[in-house]
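Reviewing the structure listed below.
The values are calculated or read from the model by the stated rules, or taken from the named source; none is laboratory data. Since we're looking at a predicted model, the values are computed, not measured. Cβ placement follows ideal geometry from the backbone for every residue including glycine, while neighbour counts extend to all protein chains displayed.
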Amino acid sequence: MVGSANCWSAGPTFVGYWNDADATAASLTEGRYHTGDLMRRGEGDDLWFVSRKKDIIIRGGTNISPLGIEQAILGAHPSVEEAAVVGVPDDVLGQRIFAFAKLAGNDQDADVSRIVDNLAMRLAAYKMPEAIMVLDSLPRNAVSKVDRQSCWRWRSRPIAMVAPRLRQRSRCRPRGEGCG
């Protein structure tokens, strides 16, 4: 990301990970704690959060923040309640982008189609997800944040899905029976 930098903290803010000496050693350099956050400088001394470094998607050599795509999905249609974006390993591009959404209402197919159309106007082509999968709910971690990595493991449970690049719709059968 142009203009982004790793965030480091010095001082008594971090003493170590519970029962994980290896992770503690990996996150400390010369007494400074590497937070794993990427920041950019705003006007004056303002710092703006960009993303977690481990969440950055590297597609075709370009660093892409999932946060920006998630915000575009949320703004693409009023029925989108939540969104999550992950990078999935790919032999050609490094990673491919997949999105997950929780929608309000009953017209899932029509909403997903409109989301894709609106999203195409909001994002550069290289940031468009390969597919948007609609889930009943997005998985959460222990502190109630959306767990992006678990979303990818839940990919076999969509209630609707669309592949924006191909403009093909896939109607999904009840959970556990896959998509076709």
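Points to keep in mind about this one:
- Residue list for the stretch 63-86, filter: modelled with pLDDT under 90 and farther than 18 Å from Arg122 by Cβ: Asn63
- Filter result (touching a Leu at 6+ places or on another chain (Cβ under 9 Å), outside any loop (DSSP other than H, G, I, E, B) and either over 11 Å from Arg148 (Cβ atoms) or at pLDDT below 70 (or both)) within the stretch 49-62: Phe49, Val50, Ser51, Arg52, Lys53, Ile58, Arg59
- Filter result (modelled with pLDDT of 80 or more and closer than 13 Å to Ala99 by Cα) within the stretch 140-152: Val146, Asp147, Arg148, Ser150, Cys151
- Criterion violated by Arg155 - all others in (1) modelled with pLDDT of 80 or more; (2) within 16 Å of the chain's Cα centre (by Cα); (3) part of a loop (DSSP other than H, G, I, E, B) satisfied: (1)
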